[in-house]
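Trainee: One structure is given below, represented as structure tokens, and several questions about it will come after.
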Amino acid sequence: MIIESLENEKIKNLVKLQKRKYRNETNTYIVEGMHLVEEAYKANLIREIFLLEGEINPFKVPYTYITREVMKKVSSMDTPCSIIALCNKQSSNKIVGSHILLLDEIQDPGNLGTIIRSSVAFGIDTIILSENTVDLYNPKVLRATQGMYCYLNIIEKNAKVAIKELKDNNYIILGTNVKNGINIKSLDKDNLNKYCLIMGNEGNGVRKEIQKLCDKNLYIPLNDKVESLNVGIACSILLYELRSKNE
């Protein structure tokens, strides 16, 4: 079967998934390109694959052929690829593991993607996305993760609610503050069996009301010529340091 019409109901529903509202309503999203599709397949997230006519489907899931014109309509990319997949969102909403990362109103898709990749590299178990954080299933975020989102427990939760839950379960809460924090190098590793690191918004950092709930606030020592780091880079450095203290 080849879908040629832009008015096909299945295609119209795929186009709607470019908006966060509809992704939330249906608990589905789209990934584009062979690498992301392959990672979603490994995680058993794919509901259906859509291919350009003539392409070969290498995956054991339902699939449909579509024309190049239809692919351009469905795709969020300037240059559409030859394969996309309709996927089910991961259903977990529980905090699991000993090493937690809470993202407080991160807005940039590229930053979230970088942070997710670093979280996999440096041993984070759960990422908590606070209210007003960019959508995990935003196409730009998914591309920036390079599929690494499939290897993490990523949930959405109100920041204050999440911190209370973590404190009730004896996690140390580590905020970030470039002016009033302590050097990450001086952090006592004996209290890091269970921790939650909080990274804040690109322009404003961690909200003041959230900083007040932290047990400690951290900073990365920098050259005097540099005021601050991009949040994705800063998070990667802190996660590396925290992992080193747990080895």
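The values are calculated or read from the model by the stated rules, or taken from the named source; none is laboratory data. Note that this is a predicted model, so its numbers are computed, not measured. Here the Cβ positions follow ideal geometry from the backbone for every residue, glycine too, while neighbour counts run over all protein chains shown.
Trainee: If Gln211 passes every condition in (1) within 19 Å of the chain's Cα centre (by Cα); (2) surrounded by 14 or more Cβ atoms within 10 Å (Cβ to Cβ) but one, which one does it miss?
Mentor: Checking Gln211 against (1) within 19 Å of the chain's Cα centre (by Cα); (2) surrounded by 14 or more Cβ atoms within 10 Å (Cβ to Cβ), the one that fails is (1).
Trainee: Which ones in the stretch 23-53 are touching a strand residue (DSSP E or B) at 6+ places or on another chain (Cβ under 9 Å) and β-branched (Val, Ile, Thr)?
Mentor: Thr28, Ile30, Val31, Val37, Ile46, Ile49
Trainee: I would also like to ask the following. Which one of these does Arg47 not meet: (1) surrounded by fewer than 14 Cβ atoms within 10 Å (Cβ to Cβ); (2) assigned to a loop (DSSP other than H, G, I, E, B); (3) in contact with a Ser or Thr (Cβ under 8 Å, 6 or more places away or on another chain)?
Mentor: It is condition (2) that Arg47 fails.
Trainee: On to the next question. Which condition from (1) among the aliphatic types (A, V, I, L, M); (2) crowded, with 17+ Cβ neighbours inside 10 Å; (3) over 30 Å from Leu86 (Cβ atoms) is the one that Ile154 breaks?
Mentor: The number of the failed condition is (3).
Trainee: Here is a check on your reading of the model: is Val178 within 14 Å of Leu102 (Cβ to Cβ) and out of contact with any Cys (no Cβ under 6 Å at 6 or more places or on another chain)?
Mentor: no
Trainee: Look at the stretch 10-35 and say how many of its residues are of a type outside the set (A, V, I, L, M, F, W, C), within 22 Å of Asn57 (Cα to Cα) and part of a helix (DSSP H, G or I).
Mentor: Summing the residues that are of a type outside the set (A, V, I, L, M, F, W, C), within 22 Å of Asn57 (Cα to Cα) and part of a helix (DSSP H, G or I) in the stretch 10-35 gives 3.
Trainee: Find all pairs meeting these conditions: Cβ atoms under 7 angstrom apart; at least six residues apart or on different chains; first residue within the stretch 141-169 and among the aromatic types (Phe, Trp, Tyr); second residue part of a loop (DSSP other than H, G, I, E, B) and at pLDDT 95 or above.
Mentor: Hits for this filter: Tyr149/Leu136.
Trainee: With Ile163, Ile106, Ile116, Ile128 as the choices, which residue is within 24 Å of Lys208 (Cβ to Cβ), assigned to a helix (DSSP H, G or I), touching a helix residue (DSSP H, G or I) at 6+ places or on another chain (Cβ under 8 Å) and not assigned by TED's automatic domain parsing to the domain that holds Gly33?
Mentor: Checking each option against the conditions leaves just Ile163.
Trainee: Can you name the residue in the stretch 107-151 that is charged (D, E, K, R) and under 14 Å from Leu36 (Cα atoms) and, of all such residues, is surrounded by the fewest Cβ atoms within 10 Å (Cβ to Cβ)?
Mentor: The selected residue is Lys140.
Trainee: Does the stretch 47-69 hold any residues that are farther than 14 Å from Leu14 by Cβ, within 26 Å of the chain's Cα centre (by Cα) and β-branched (Val, Ile, Thr), and which are they?
Mentor: The one that is farther than 14 Å from Leu14 by Cβ, within 26 Å of the chain's Cα centre (by Cα) and β-branched (Val, Ile, Thr): Val61.
Trainee: Then there is this: Within the stretch 95-135, count every residue that is within 10 Å of the chain's Cα centre (by Cα), within 14 Å of Met199 (Cα to Cα) and of a type in the set (Asp, Glu).
Mentor: Within the stretch 95-135, residues that are within 10 Å of the chain's Cα centre (by Cα), within 14 Å of Met199 (Cα to Cα) and of a type in the set (Asp, Glu) number 0.
Yes/no per residue for (1) in contact (Cβ under 8 Å) with a residue 60 or more places away in the chain; (2) touching a Phe, Trp or Tyr at 6+ places or on another chain (Cβ under 9 Å); (3) within 26 Å of Asn24 (Cβ to Cβ); (4) crowded, with 20+ Cβ neighbours inside 10 Å:
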residue	(1), (2), (3), (4)
Thr67	yes, no, no, no
Lys73	yes, no, yes, no
Pro80	no, no, yes, no
Cys87	no, yes, yes, yes
Asn93	yes, no, yes, no
Glu105	yes, no, yes, yes
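Trainee: Could you say whether any residue in the stretch 153-176 is farther than 26 Å from Ala43 by Cβ and at pLDDT below 95?
Mentor: Checking the stretch 153-176: at least one residue is farther than 26 Å from Ala43 by Cβ and at pLDDT below 95.
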